[in-house]
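Asker: Mind looking over this structure? Questions follow.
FYI, it's all coordinate maths here, none of it is from the lab. Keep in mind that what you see is a predicted model, and the values were worked out from it rather than measured.
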Amino acid sequence: MTASARVALTVVRCAARLLARDRRARHLEQWQADVHGAPELGLSPLRLAAGILGAATVITVLDRKGTRTMQPIGPLALALRLVGGANAKRRAAALAAVLTLTLLAGAGLLIAG
């Protein structure tokens, strides 16, 4: 397995952590299979992982739209989803990991592209 595939799988695991617990396993399994199959289709595993991270954010926001208040979107929604509640320190560390991986993936795409 290449280094980019390992990084992509780490991003996918972080993206799955954004989802509700009852949805994580199904999406994680599918997304990991997608990352493993990306090279066969001529796709970059890192680009695929970046798209998966975006999809996980959208899924998270759409799941929370049942409330009457306006929900934040984008990075703010990601931060609010990850940080807060009983496990604030662990979630803050997860947020830092996701943002670091996103930054590294973006830098890698700029260098490779």
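Asker: Quick check: residue separation of Ile59 and Gln30 times 0.36 nm, minus the Cα distance between them. What number comes out in nm?
Answerer: Computed gain between Ile59 and Gln30 is 9.0 nm.
Asker: For Ala97 and Met1, calculate 0.36 nm times their separation in residues minus their Cα-Cα distance, and state this gained length in nm to one decimal.
Answerer: 32.4 nm
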